[in-house]
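Peer 1: My structure is below; once you've seen it, I'll send some questions.
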Amino acid sequence: MNQYDLEGRIAVVTGAARGIGLAVAERLTASGASVAVWDVDGNEAEKSAATLADACAVGVDVSDADSVGKAVAATLDRYGRIDCLVNNAGIAGPTGPLWEYPIDVWRKILEIDLTGVFLCCRAIVPVMLKGDYGRIVNVASVAGKEGNPNASAYSSAKAGVIALTKSLGKELAATGIRVNAVTPATVQTEILKQFDQSQVDYMLSKIPMGRLGLPEENAALIAWLCSPDCSFSTGAVFDTSGGRCTY
């Protein structure tokens, strides 16, 4: 496993109690970073943080500005600064045609998957600006590029994350902060339980490699994007799609 020079860096990873988020936390820790494990499930966050060196667990609802503010304060109280932010927290929601999609579910997905990224960036960018250094990685999805049928809310939210990444990357381009996104295809995580099997089969059929992605494969790319080596890429989108997207 390749390691990057993250010794002494402080990283916040949202949705880090499991799945891609936990794999990222593990990979960053292996490269020397200290990780604040942010998750809406505080108990699971505690369990995951306990498996990592110099990690702390923070219970947070990323869709709530006050909750995010308190999580930032708790992280700064523990570590004093924040160098990296990985916005990974998200939900998929149920599948179904747009004209039958529940309005309350639509709003919940947008609030967590898109507004949550906005709120975390809004709260943490000022912290990074004080030191003129930062790495922000937003976990979007190929659904945000192509639009998955029967997943209008999820696809729309992830498309928004891509656009937010491009916008913020340009806003911060003249600083020491880099902002990028990754767009995984279907990954073998618990989030698949939120989809009907027919939807999973559809998404798998679109992957030329013929298999699901692994959390660790996404974590490998995210770790590089969190490193000082990622110095001339910002507002960019990096695929981990098994060949589904080539642009």
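Peer 1: How large is ³J(HN,Hα), in whole Hz, for each residue of segment 167-173 in order, when computed from phi with the Karplus curve 6.51 cos²θ - 1.76 cosθ + 1.60 and θ = phi - 60°, using x for Gly and Pro?
Peer 2: 5, 5, x, 6, 4, 9, 4
Peer 1: Using the structure shown, select from Lys166/Lys193; Lys108/Lys158; Lys70/Lys170; Lys70/Lys130; Lys130/Lys170; Lys158/Lys193 the pairs with a Cα to Cα distance greater than 21 angstrom. Don't skip to the end; give the middle numbers.
Peer 2: Numbers: Lys166/Lys193 30 Å; Lys108/Lys158 13 Å; Lys70/Lys170 28 Å; Lys70/Lys130 19 Å; Lys130/Lys170 18 Å; Lys158/Lys193 19 Å.
Check vs 21 Å cut-off fails for Lys166/Lys193; Lys70/Lys170.
Peer 1: OK, next. How large is the Rg to Rh ratio of segment 41-115 when both quantities use alpha carbon positions and Rh follows Kirkwood?
Peer 2: Ratio of gyration radius to Kirkwood radius for segment 41-115: 1.07.
Peer 1: Right, another one. By how many degrees, 0 to 90 and rounded to 10, does the Cα axis of helix 116-131 deviate from the longest principal axis of the chain?
Peer 2: 20 degrees
Peer 1: P(r) of the chain in 10 Å steps, Cα pairs, percent per bin?
Peer 2: Taking every Cα pair in the chain, the percentages come to 8, 34, 38, 17, 2.
Peer 1: Consider all pairwise Cα distances in segment 157-228 and report the whole-number % of them above 21 Å.
Peer 2: Everything past 21 Å amounts to 42 percent.
Peer 1: Ok, one more. I need two numbers for segment 135-182: Rg to one decimal and Dmax as a whole number, Cα atoms only, in Å.
Peer 2: Gyration radius and largest Cα-Cα distance of segment 135-182: 11.9, 40 Å.
Peer 1: What is the chain's relative contact order, in percent, from Cα pairs under 8 angstrom and six or more apart in sequence?
Peer 2: Values: 515 pairs, mean separation 48.0, N = 247.
So the answer I get is 19 percent.
Peer 1: Next question. Please list the three semi-axes, largest first and in whole Å, of the ellipsoid equivalent to segment 1-60, using sqrt of 5 times the eigenvalues of its alpha carbon gyration tensor.
Peer 2: Equivalent ellipsoid of segment 1-60: 19, 10, 9 Å, largest first.
Peer 1: What is the Cα centroid distance between segment 126-154 and segment 1-21, reported in whole angstrom?
Peer 2: About 16 Å separates the Cα centre of segment 126-154 from the one of segment 1-21.
Peer 1: How big is the charge dipole of segment 123-247 about its Cα centre, in debye rounded to the nearest 20, if each Lys and Arg gets +1 on its Cβ and each Asp and Glu gets -1 on its Cβ? Before the final figure, lay out each step's value.
Peer 2: Values: 11 positive and 10 negative charges, 50 e Å.
Result for segment 123-247 is approximately 240 debye, rounded to the nearest 20.
Peer 1: Sticking with this one: Of the accessible area of segment 106-247, with the probe set at 1.4 angstrom, what percent is carbon plus sulfur? Provide the component values of the computation, followed by the final result.
Peer 2: Numbers: 3460 of 6210 Å².
On segment 106-247, the fraction of accessible area on carbon and sulfur atoms equals 56 percent.
Peer 1: Hey, another quick one. Provide the per-residue ³J(HN,Hα) series for segment 87-99, in order, calculated from phi with Karplus coefficients 6.51, -1.76, 1.60 and θ = phi - 60°, each as a whole number of Hz, with x at glycine and proline positions.
Peer 2: Taking θ as phi minus 60°, the curve returns 8, 10, 4, x, 10, 9, x, x, 9, x, x, 4, 5 Hz for segment 87-99.
Peer 1: Return a whole-number percent for the relative contact order of segment 64-211, with Cα pairs under 8 Å and 6 or more residues apart as the contact set.
Peer 2: 27 percent
Peer 1: Starting from 0 in steps of 5 Å, tell me what percent of the Cα-Cα pairs of segment 190-247 lands in each bin.
Peer 2: Distribution as computed: 4, 15, 20, 22, 18, 11, 7, 3, 1 percent.
Peer 1: Another question about this same structure. Which far-off residues, 5 or more places away or on another chain, put their amide H under 5 Å from the one on Leu52, with H placed in the peptide plane?
Peer 2: none
Peer 1: Over 15 Å, how big is the tail of the calculated P(r) for segment 87-134, in percent of all Cα pairs?
Peer 2: Here the tail beyond 15 Å accounts for 56 percent of pairs.
Peer 1: Further question: Using alpha-carbon pairs under 8 Å, 6+ residues apart, how would you state the relative contact order of segment 1-145 in percent?
Peer 2: Rounded, it is 23 percent for segment 1-145.
Peer 1: Can you give me the angle between helix 19-30 and the longest principal axis of the chain, using Cα atoms only, in degrees from 0 to 90, rounded to the nearest 10?
Peer 2: 30 degrees
Peer 1: Using only the alpha carbons of segment 64-103, what is the convex hull's orientation-averaged projected area in square nanometres?
Peer 2: The orientation-averaged projected area of the Cα hull of segment 64-103 comes to 4.4 nm².
Peer 1: Take every Cα-Cα pair in segment 1-144 and report what % of them are more than 28 Å apart.
Peer 2: I get 17 percent for the Cα pairs in segment 1-144 exceeding 28 Å.
The values are calculated or read from the model by the stated rules, or taken from the named source; none is laboratory data. On a predicted model such as this, the values are computed, not experimentally measured, just so you know. Ideal geometry is used to build each Cβ from the backbone, glycine not excepted, and the neighbour counts take in all protein chains shown. Accessible surface areas use protein heavy atoms only, side chains included; no ligands, DNA or RNA. Shrake-Rupley method; radii C 1.70, N 1.55, O 1.52, S 1.80 Å.
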